[in-house]
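The values are calculated or read from the model by the stated rules, or taken from the named source; none is laboratory data. Small disclaimer: the values here were computed from a predicted structure and weren't measured. Don't worry about glycine lacking a Cβ; one is built from the backbone with ideal geometry, like all the others, and counts go over all protein chains shown.
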Amino acid sequence: MVAVCLLVVLLISGIAVIVERGERRALIDQVRKRAVATASNVAAVSTSALLTYNYVTLEQNAARVAREEDVLYVIILDREGKVAAHSSRSELQGTVMADPVSRRAGASREILVQAATFSGTADPLYDVAVPVYIKESPEKWGTVRVGISLGPMRRAIARSRQGIALMGLVAIALGGAGALLLARRITSPIARLVHGAVEVGKGNLDQQIPLSTGDEIGTLARTFNEMTNNLRTSRLSVESAHRELKSQYKEISFLKDYNDNVLKSMTSGVLTLDLGGRIVTVNQAAVQITGLAAEDMVGKPCEPLFPGSPELPEALLDVLRKERRTPQVIHLRYPRPDGKTLFLEMTTVGLQEETGKLIGALGVIRDLTHERELEEQLRRADRLAALGTMAAGIAHEIKNPLTSLKTFAQLFPKRSGDPGFQKKFTEIVPHELERIHLLAEDLMELARPTQMHLRPADVHSLIDRVLKTHEDMMKGQGIEFRFHPEPTSHPQPLVDPEYLYRALTNLVLNAIQAMPAGGLLEIRTGVEAFTNGDREDPHFVLHVRDTGTGIPGDKLGDLFTPFFTTKAKGTGLGLAITHKIVEGHGGQIRVESRMGMGTQFSVSLPLRGISRRI
Ligand code: ADP
Ligand code: MG
């Protein structure tokens, strides 16, 4: 815009200079011509008056012409050069004007134009002197001087200069405005583009430049819009991918933390191996159990790490060698570096990818040392408790016969002659001694391993014998008894008849004692096939059932414990011995009972001959 304005100013100034110069020249020319014409005119009309020295006419002529606006003065000089008429200063009449302009004017024989000044005005003027001649004579009869002011001409020039200046201003204003508009038209879309580009640079991609002009700027704007659109869509997709990645990362890191926490809080030690047999991860518990620092284990081959218990790395490497995918449990002693020996249980299994490809081995180690110690303590306590019960039982059992024996021993010196005493003595003392003897035998049987002599024997007649022996007792108590032997002929188990007789006696006696108010005792035999793994194991089974008091459920576990009894005169050894005898036959004894309904003991003996020490 400034350049355009400058250009306009220069142009207008140039025009003004040229125009003014031309105009001035034309005007001056015109003024001069007019002055000459006016003076010649005055000279023409004044010739006769000059010849006749008619001053009045001369004065009238001068005054008439001097009335004109630009005529400052009219002076008419006579033949001698004296003032004949003066339009504004009549007092000079008859004098000779002595100033250089007047002298040159008076002396000139031709028309003379001089620049001069006049006291009445500040404007420059032209003094035009026209000599007056008569046709016939070369003599000069006078001179007419006219002072023409250059003021009006100057004012005209000033006016035109003003006009040009005004035009220049208008041109500058119009040119400036035009330049401004043009600049606007170019710069404002570019400014918008720049603004848009700056915003895009800041990351604000919602920039659209509303331009639909067909020129290069329109194309630029369209391209810019397309570019920001593309940027926006790609940024949106990048952002959504980023969000997705972020949430996946969150999930994974949560899972990792979760797994780490699970591993950390596990009381079992966890070891993993890569396919090369190097340890990849160990958890805190593994560090604690093995007594080795994690950094001493991770990344190292596991074999040389556990010199004290080679079976530990061996089991893990075995998984890799055999590509084992099913868990296996081993127990091992582990001498920890701090000197303590631990008892460990280790489960090993192959680690596999989802595809089933083996990628390593996993070992889960449990420290069972404490449990072992507890078990040992329990066993010791159990043994002590059992010993206590046993000691109490024995003391109780021996005390009764001993008391009566002691009484007899005390009475013996005084009453040994008394036949009544003698009779009682021979009845009771051997009986009591026999009781102690039997007790001692029972105890020995429980304590000592006894050799069974298993041989083919008729179990049914053995049962018959037991029932016969207790027939009277049962009848006396109102007990009915039945025996249902297995009707078909079947192989008989190998038994030790003496021991089996005692075991059966114990069961039958218990049944009788459980039915003080009478009832029904049933013995039933049969063959049952127990499945043992995938093969069938035939057993001879013998059920002894009563309709007695029954056994409370919480006592069922104690029945076979030595000295467990609920009876005032019981020893609690019967079932313990029976259990031992049945085990000695390689058999099993089970019990079912319902309170108030009755009890059934079932003895099963294998039909393959087994001899065992008990
Ligand atoms: P004891 O007969 O000397 O008490 P046992 O070892 O033979 O010792 O029996 C232990 C306990 O088992 C008995 O005191 C009794 O409480 C219970 N018992 C055994 N057999 C039966 C049965 N058939 N019915 C009810 N209780 C029984
Ligand atoms: Mg008994």
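Output yes when any residue across region 378-393 is farther than 24 Å from ALA440 by Cβ, of a type in the set (A, V, I, L, M) and surrounded by fewer than 17 Cβ atoms within 10 Å (Cβ to Cβ), and no when none is.
Yes, there is a match, as at least one residue in region 378-393 is farther than 24 Å from ALA440 by Cβ, of a type in the set (A, V, I, L, M) and surrounded by fewer than 17 Cβ atoms within 10 Å (Cβ to Cβ).
Going through region 512-547 one residue at a time, which ones are assigned to a strand (DSSP E or B), away from ligand 1 (no atom under 16 Å from the Cβ), among the small types (Gly, Ala, Ser) and more than 18 Å from PRO485 (Cβ to Cβ)?
Step one: of region 512-547, the residues assigned to a strand (DSSP E or B) are 519-532, 535-546.
With the extra rule that they be away from ligand 1 (no atom under 16 Å from the Cβ), the set shrinks to 525-532, 535-541.
Subsequent filtering for residues that are among the small types (Gly, Ala, Ser) retains 526, 529.
Residue satisfying the conditions is ALA529 alone.
I'd like to check something: does region 517-529 contain any residue that is within 13 Å of ligand 2 (Cβ to nearest atom) and either at negative phi or not charged (D, E, K, R) (or both)?
First, the residues of region 517-529 that are within 13 Å of ligand 2 (Cβ to nearest atom): none.
Within region 517-529 (the criterion being within 13 Å of ligand 2 (Cβ to nearest atom) and either at negative phi or not charged (D, E, K, R) (or both)), the answer is no, since none of the residues qualifies.
Here is a yes/no grid of residues against (1) over 24 Å from ALA3 (Cβ atoms); (2) out of contact with any Gly (no Cβ under 9 Å at 6 or more places or on another chain); (3) assigned to a loop (DSSP other than H, G, I, E, B):
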position: VAL170; (1), (2), (3): no, yes, no
position: LEU174; (1), (2), (3): no, yes, no
position: ALA183; (1), (2), (3): no, yes, no
position: SER188; (1), (2), (3): no, yes, no
position: GLU199; (1), (2), (3): yes, yes, no
position: THR213; (1), (2), (3): yes, yes, yes
position: ILE217; (1), (2), (3): no, yes, no
position: ASN230; (1), (2), (3): yes, yes, no
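Is there a residue being modelled with pLDDT of 90 or more, in a loop (DSSP other than H, G, I, E, B), under 30 Å from PRO401 (Cβ atoms) and within 16 Å of ligand 2 (Cβ to nearest atom) anywhere in region 554-564?
Yes, that holds for at least one residue.
Testing SER268 on (1) surrounded by 13 or more Cβ atoms within 10 Å (Cβ to Cβ); (2) free of Cβ contacts under 8 Å to residues at least 60 places away in the same chain; (3) touching a Lys or Arg at 6+ places or on another chain (Cβ under 9 Å), one condition comes back false. Which one is that?
Every condition holds for SER268 apart from (2).
Looking only at region 271-293, which residues are part of a loop (DSSP other than H, G, I, E, B), on the phi < 0 side of the Ramachandran plot and touching a residue at least 40 places away in the same chain (Cβ under 8 Å)?
Within region 271-293, ASP274, LEU275, LEU292 qualify.
Quick test of your reading of the structure: ILE589 fulfils all but one of (1) in a helix (DSSP H, G or I); (2) within 13 Å of ligand 1 (Cβ to nearest atom). Name the failing condition by number.
(1)
(1) of a type in the set (Gly, Ala, Ser); (2) free of Cβ contacts under 8 Å to residues at least 24 places away in the same chain; (3) surrounded by 12 or more Cβ atoms within 10 Å (Cβ to Cβ); (4) within 18 Å of GLY584 (Cβ to Cβ): which one isn't true of ALA440, the others all being true?
For ALA440, the failing item is (4).
Read through the list (1) over 24 Å from ALA3 (Cα atoms); (2) within 60 Å of the chain's Cα centre (by Cα); (3) small (Gly, Ala, Ser); (4) surrounded by 12 or more Cβ atoms within 10 Å (Cβ to Cβ), then give the number of the only condition that ALA129 fails.
(2)
Can you pull out every residue in region 2-25 that is modelled with pLDDT under 85 and closer than 29 Å to VAL128 by Cβ?
Passing the criteria: VAL19, GLU20, GLU23, ARG24.
Tally up the residues in region 151-173 that are under 17 Å from ASP70 (Cα atoms), charged (D, E, K, R) and surrounded by 12 or more Cβ atoms within 10 Å (Cβ to Cβ), please.
Total meeting the criteria: 1.
Considering only residues that are near ligand 1 (Cβ under 6 Å from one of its atoms) and within 16 Å of ALA392 (Cα to Cα), which ones fall in region 550-572?
Of everything in region 550-572, those that are near ligand 1 (Cβ under 6 Å from one of its atoms) and within 16 Å of ALA392 (Cα to Cα) turn out to be PHE564, THR565, THR566, LYS567, GLY570, THR571, GLY572.
Residue under question is VAL508, and the condition is that it be assigned to a helix (DSSP H, G or I), surrounded by 21 or more Cβ atoms within 10 Å (Cβ to Cβ) and touching a helix residue (DSSP H, G or I) at 6+ places or on another chain (Cβ under 6 Å); does it hold? Before the answer, list the steps.
On the way: assigned to a helix (DSSP H, G or I): yes; surrounded by 21 or more Cβ atoms within 10 Å (Cβ to Cβ): yes; touching a helix residue (DSSP H, G or I) at 6+ places or on another chain (Cβ under 6 Å): yes.
The answer is yes for VAL508.
Looking at LYS555, LYS567, which is the one that is within 60 Å of the chain's Cα centre (by Cα) and of a type in the set (Lys, Arg)?
Every option except LYS555 fails the conditions.
Which pairs have Cβ atoms under 6 Å, sit 6 or more apart or on different chains, and link a residue in region 411-429 that is under 23 Å from LYS399 (Cα atoms) to one that is in a helix (DSSP H, G or I) and not basic (Lys, Arg)?
Every condition considered, the pairs that remain are PHE425/PHE408; VAL429/PHE408.
Quick test for you: out of LEU509, LEU500, pick the one residue that is within 13 Å of ligand 1 (Cβ to nearest atom) and either of a type outside the set (D, E, K, R) or over 22 Å from GLY548 (Cα atoms) (or both).
Details: LEU500 fails: within 13 Å of ligand 1 (Cβ to nearest atom).
None of the other options fit; the residue is LEU509.
LEU166 versus (1) in a helix (DSSP H, G or I); (2) within 46 Å of the chain's Cα centre (by Cα): which is the lone unmet condition?
Evaluating LEU166 over (1) in a helix (DSSP H, G or I); (2) within 46 Å of the chain's Cα centre (by Cα) leaves (2) as the failure.
Only one residue in GLY574, GLY550 is buried (at least 19 other Cβ atoms within 10 Å of the Cβ) and within 16 Å of ligand 2 (Cβ to nearest atom), so which one is that?
Answer to the selection: GLY574.
Looking at region 493-521, I want the residues that are not assigned by TED's automatic domain parsing to the domain that holds MET474 and have a partner that is outside any helix (DSSP H, G or I) and within 14 Å of ligand 2 (Cβ to nearest atom) with Cβ atoms under 8 Å, at least 6 apart or on another chain. Which pairs are those?
Sorted first by the residue in region 493-521, then by its partner, the list stays empty.
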